[in-house]
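For reference, the structure is listed below as structure tokens.
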Number of protein chains: 4
Amino acid sequence: MQLGIIGLGKMGGNMRTRLRAAGHDVVGYDTDPGLSDAADLADLVSRLAAPRAVWVMVPSGDPTRQTVAALGDLLSEGDVVVDGGNSRFSDDAEHAAMLAAHGVGYVDVGVSGGVWGAENGYALMVGGEDAHVERLMPIFDSLKPPGEYGFVHAGGVGAGHYAKMVHNGIEYGLMQAYAEGYELLAASEFVTDVPAVFKSWREGTVVRSWLLDLLDRALDEDPNLDRIAGYAPDSGEGRWTVEESIRLAVPTPAIAASLYARFASRQDDSPTMKAVAALRNQFGGHAVKNRETPA
Amino acid sequence: MQLGIIGLGKMGGNMRTRLRAAGHDVVGYDTDPGLSDAADLADLVSRLAAPRAVWVMVPSGDPTRQTVAALGDLLSEGDVVVDGGNSRFSDDAEHAAMLAAHGVGYVDVGVSGGVWGAENGYALMVGGEDAHVERLMPIFDSLKPPGEYGFVHAGGVGAGHYAKMVHNGIEYGLMQAYAEGYELLAASEFVTDVPAVFKSWREGTVVRSWLLDLLDRALDEDPNLDRIAGYAPDSGEGRWTVEESIRLAVPTPAIAASLYARFASRQDDSPTMKAVAALRNQFGGHAVKNRETPA
Amino acid sequence: MQLGIIGLGKMGGNMRTRLRAAGHDVVGYDTDPGLSDAADLADLVSRLAAPRAVWVMVPSGDPTRQTVAALGDLLSEGDVVVDGGNSRFSDDAEHAAMLAAHGVGYVDVGVSGGVWGAENGYALMVGGEDAHVERLMPIFDSLKPPGEYGFVHAGGVGAGHYAKMVHNGIEYGLMQAYAEGYELLAASEFVTDVPAVFKSWREGTVVRSWLLDLLDRALDEDPNLDRIAGYAPDSGEGRWTVEESIRLAVPTPAIAASLYARFASRQDDSPTMKAVAALRNQFGGHAVKNRETPA
Amino acid sequence: MQLGIIGLGKMGGNMRTRLRAAGHDVVGYDTDPGLSDAADLADLVSRLAAPRAVWVMVPSGDPTRQTVAALGDLLSEGDVVVDGGNSRFSDDAEHAAMLAAHGVGYVDVGVSGGVWGAENGYALMVGGEDAHVERLMPIFDSLKPPGEYGFVHAGGVGAGHYAKMVHNGIEYGLMQAYAEGYELLAASEFVTDVPAVFKSWREGTVVRSWLLDLLDRALDEDPNLDRIAGYAPDSGEGRWTVEESIRLAVPTPAIAASLYARFASRQDDSPTMKAVAALRNQFGGHAVKNRETPA
């Protein structure tokens, strides 16, 4: 079928390629003219036959909001917009309402698979009305992995990004669990070949997983992880997951611990621990470690 | 090759079956005469030709210790004992020394795979001297899964159980991460088909794993987990992992959170929260929830 | 000086009493006519001489927002409104802007002290412009405790509620720490008189505090806390503190743990632990504890 | 009364001074002849009249064990030994048995108060038999603070060190809670005078405590804690508290978080976060931060 894609970065560009390979008629737009098929959004819309479908794949927050707003003005009754970016689920209702005012449908899609998705297919978590989702199924079928899994219509508008957010929250916890185990093995005097232990776990164990395969791959490349600093950014979904745990009064201690470990990894010096050290010094006369270069 | 197995419960019995199917000559002993091939330990030893190999598969702690001690008296120089049970890694040096006094070798094996191991093969994490491990390779090869993974000689005596302990510590963290995500999805108003979301994650996502497959299976059987109480025992390795995190000064917040969540799941009423409620009442005049049946 | 107070519940009523005892001219309004001095807000405003000062002491969220909006319409240039309730700090800028449109000033005050404040004085954390705060100092001086502490002008609009929010976040952590220690002592076989240990800590120890005094008091009344269920509500500030930790990327694991412990205390059965139990059952064949009354 | 003290460091030396000021006849021994009253342990024992009381104030572990063993040989039936050091509670039964073989009694005392105890008195948590504790009451009365609190006979042998261990575990949680609040306030744009907020909390608030007073003192000396590195050692009791939480299956998430924060504060680079960063790189192509000086 015909699809417009807005945003042809690593994800959007690979999706265009994958969809074209499946025989779809894809018109892409990007602010980089070297990547773009269309001159601007209006041009992209004009190249699509009604009822149109446009997939937005731009950074979450303002860029997505502005793109959706612009599409509302350009599209017509019966068209549908897909937000396949990393929007916070709470943006979706607003996007849907903005478009509904123009008679345009809205579907939110959480996409997983990272750089491997281009080859293996992208797992898709979809939120929106049945009629809108059904119209897009040819696209979803071509993007998703070939097997029986990798696609879910999770609920109404927002459900796709919500499911993706929780997916990423879980991912934080899984990564932290493997990483804590890695540090324990590396610290212990018992296990002498830590990478070999991780490699062996790839089959027959309870902890086997795709992330484990990737950790094995990383250890093949750098057995002591000497070249990598213990510094981990976070990209929004982990924070939103913990915010949701608060809103819903659901205890998520392992996921929160994983998020906090990332926060701490980005601190040169912890103000919390400065205060703890100051207290120890006050009551116990314990020596403190002075900062080498006082601020 | 020839092997004695002591302990023919769910694990030991399945191993005997799997080894015999692979052509090994296995003599089993169990306190249950209906399962046992030998009348007692002395009889089992007498049925094996030197140099003998005996696999101990009995509960950790005293039962394993007593079995190893008894084997020390019965076996001869050049024989080797395998502890394939769930011993704490710190028991292994003692077991090895006990046997070394008789010239008998000792190998510790952490076994993963649960009830699925009988069919799929058991992942094996092995600790001990090279010569002892090499002698046992035909047995290990028949127990392990068919692929290139699932076996590691992780280090000297104790390394096998150590690696298995960390494996299980990671497993606690993984399970907790999926389970926290499950609770969030179930609590949220956005996702209307929680089991479908988990099922979809089995392909193409970052969180795909064997545990995820099992959770999907559990949700197929009981979509709201209505039949299962939120009550989880723990079996030793999780505790030992956290103890090791303390000994080695390695922060393992996600694994510790997972262990504590299990502890909390087994409490009818939390003394900690009774004290918190008492404090709130004292300073804020907040009403407390009275116990329905005062103890 | 003259002050209007809106909201004469436990806190507002006690404040009126304390202020009148200090010689201030206080006009109170409450929806309960039996408590109120004025017929309605307009009547309250009409009884105050310009420039007026009105202290709002109503529930946070909509009630406070509506009261502030109504005062904006009733008050005049040069008047000032105090929000002494438990508003989220992020509401303050909005309240201030709403009033500034009428030339009315705004000061936010976080109030601590609980039911004991009536007698001991209320600790006040204040945010707002210097001129507004200065005008209110006679009121603050009469509300605060008699000593040299208990009052701070913490910064501009919002700083008062922000400081109070962090105060309460810390309070959650302190309570949890004492409560965890209580549970350990109660669980251990070593200490035979747990309340006596807490009582002894009131002097000479590092952990002495007002909360410890209150816990001792609670244990005097109910030595095993038999009459109190392990069930603790939370009142907003703890959640906001953890939300701020996410916004600011500040790891606050102890405070988050305290909040989650309260969430968990209010669950009859934990969906997280149901999922963990389901997983254990799937891979290990571990028996699950069935719910006695399947939902 | 007459007392021997072994170990005249910061704690033991101050205790000798305080006891002498109270009129007791104290004979001290230290390996530093400049501090010591006696030539050796035998000399110390010979200077005391039976029934003797000897207070051991040396580092925990081997030094205490060896001192207790030596005293067992030197003392006589009816004498009593006090271990006032920071021994793990689990050492006490062994010490008591060692001495009981000689008819010598044993009392364990957890001592709190830090460097301030010399002046304010030391809080004492005592374990042992009634008869032994009663004999030592004149000493305890002179060491403890002057008020009605600060002393508890918590139970049999081990109860004193157990209570002190939990005291310190709570202390870890309290310090972490204040410190997390400090970091939040320092990170936020709302509060402009963080030290003033802490100072104000000393009166009228729920969080007032001795530790808060000390934090205020530290902020007076160094308002941004610029001179102190975020590096906090731990001294045993925190670890033992978490170990006990595992043994007793008591969830202590806030105390464990406090301990882990200290562990993390001492790491230059976190292996856990290296593994997390490696995983992010593998699945997402996320750039990693390279170590500046690869190991």
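The values are calculated or read from the model by the stated rules, or taken from the named source; none is laboratory data. Given the structure is predicted, the values throughout are model-derived calculations rather than measurements. Reconstructed Cβ throughout: ideal geometry from the backbone, glycine too, with neighbour counts over all protein chains shown. SASA here: full protein model, heavy atoms, side chains in, ligands and nucleic acids out. Shrake-Rupley method; radii C 1.70, N 1.55, O 1.52, S 1.80 Å.
Output the residues belonging to segment D:107-128 that are more than 9 Å from every other protein chain (Cβ to nearest Cβ) and either free of Cβ contacts under 8 Å to residues at least 12 places away in the same chain or in contact with a Ser or Thr (Cβ under 8 Å, 6 or more places away or on another chain) (or both).
Residues satisfying the conditions are D:Asp108, D:Ala118, D:Glu119.
Kindly indicate the residue of segment D:234-249 that is in contact (Cβ under 8 Å) with a residue 24 or more places away in the chain and of a type in the set (D, E, K, R) and also farthest from the other protein chains (Cβ to nearest Cβ) among those meeting that condition. Break it down stepwise before answering.
The initial filter retains those residues of segment D:234-249 that are in contact (Cβ under 8 Å) with a residue 24 or more places away in the chain, namely D:234-238, D:240-242, D:244.
The next check asks that each one be of a type in the set (D, E, K, R); those that pass are D:234, D:237, D:244.
Numbers: D:Asp234: 8, D:Glu237: 11, D:Glu244: 6 Å.
Residue satisfying both the conditions and the ranking: D:Glu237.
How many of the residues making up segment C:175-194 are buried (at least 24 other Cβ atoms within 10 Å of the Cβ), in a helix (DSSP H, G or I) and of a type in the set (A, V, I, L, M, F, W, C)?
Of the residues in that region, 6 qualify.
For B:Ala49, which of the numbered conditions (1) hydrophobic (A, V, I, L, M, F, W, C); (2) open to solvent by less than 50 Å² (accessible area, probe 1.4 Å); (3) without any contact (Cβ under 8 Å) to a residue 60 or more places away in the chain fails to hold?
Only one criterion in (1) hydrophobic (A, V, I, L, M, F, W, C); (2) open to solvent by less than 50 Å² (accessible area, probe 1.4 Å); (3) without any contact (Cβ under 8 Å) to a residue 60 or more places away in the chain is unmet by B:Ala49, namely (2).
Would a scan of segment D:234-254 turn up a residue that is open to solvent by less than 10 Å² (accessible area, probe 1.4 Å), under 30 Å from A:Glu237 (Cβ atoms) and not aromatic (Phe, Trp, Tyr)?
yes
Would you point out the residue of segment C:212-233, among those that are part of a helix (DSSP H, G or I) and open to solvent by 10 Å² or more (accessible area, probe 1.4 Å), that is nearest to the other protein chains (Cβ to nearest Cβ)?
The first filter runs over segment C:212-233 and keeps only residues part of a helix (DSSP H, G or I), leaving C:212-221.
Cutting the leftovers down to open to solvent by 10 Å² or more (accessible area, probe 1.4 Å) gives us C:213, C:217, C:220-221.
Working: C:Asp213: 9, C:Arg217: 6, C:Asp220: 11, C:Glu221: 9 Å.
So the residue we want is C:Arg217.
Criterion first (under 30 Å from C:Glu119 (Cβ atoms), of a type outside the set (D, E, K, R) and open to solvent by less than 10 Å² (accessible area, probe 1.4 Å)) does D:Val197 satisfy it?
Working: under 30 Å from C:Glu119 (Cβ atoms): yes; of a type outside the set (D, E, K, R): yes; open to solvent by less than 10 Å² (accessible area, probe 1.4 Å): yes.
The answer is yes for D:Val197.
Would you please name the residue that is farthest from B:Thr241 (Cα to Cα), looking only at residues in segment B:129-166 that are facing another protein chain (nearest Cβ under 7 Å) and β-branched (Val, Ile, Thr)?
B:Val152
Out of all the residues in segment D:200-211, which are open to solvent by 20 Å² or more (accessible area, probe 1.4 Å) and assigned to a helix (DSSP H, G or I)? Lay out the reasoning, then the answer.
Applying the first criterion (open to solvent by 20 Å² or more (accessible area, probe 1.4 Å)) to segment D:200-211 yields D:202-203, D:208, D:210.
Residue satisfying the conditions is D:Trp210 alone.
Just the residues that are over 24 Å from the mean Cα position of the chain (by Cα) and over 15 Å from D:Glu129 (Cα atoms), please, taken from segment D:67-97.
Scanning segment D:67-97 gives D:Ala70, D:Gly72, D:Asp73, D:Leu74, D:Leu75, D:Ser76, D:Glu77.
Which one of the conditions (1) more than 30 Å from C:Tyr122 (Cβ to Cβ); (2) more than 22 Å from the chain's Cα centre (by Cα); (3) at pLDDT 95 or above; (4) β-branched (Val, Ile, Thr) does B:Ile255 fail to meet, given that it meets all the rest?
(2)
Among the residues of segment D:255-292, how many are open to solvent by 20 Å² or more (accessible area, probe 1.4 Å), more than 22 Å from B:Gly204 (Cα to Cα) and more than 7 Å from chain A (Cβ to nearest Cβ)?
4
Just give me the residues in segment D:11-36 being open to solvent by less than 50 Å² (accessible area, probe 1.4 Å) and part of a loop (DSSP other than H, G, I, E, B), in sequence order.
Correct list: D:His24, D:Asp30, D:Ser36.
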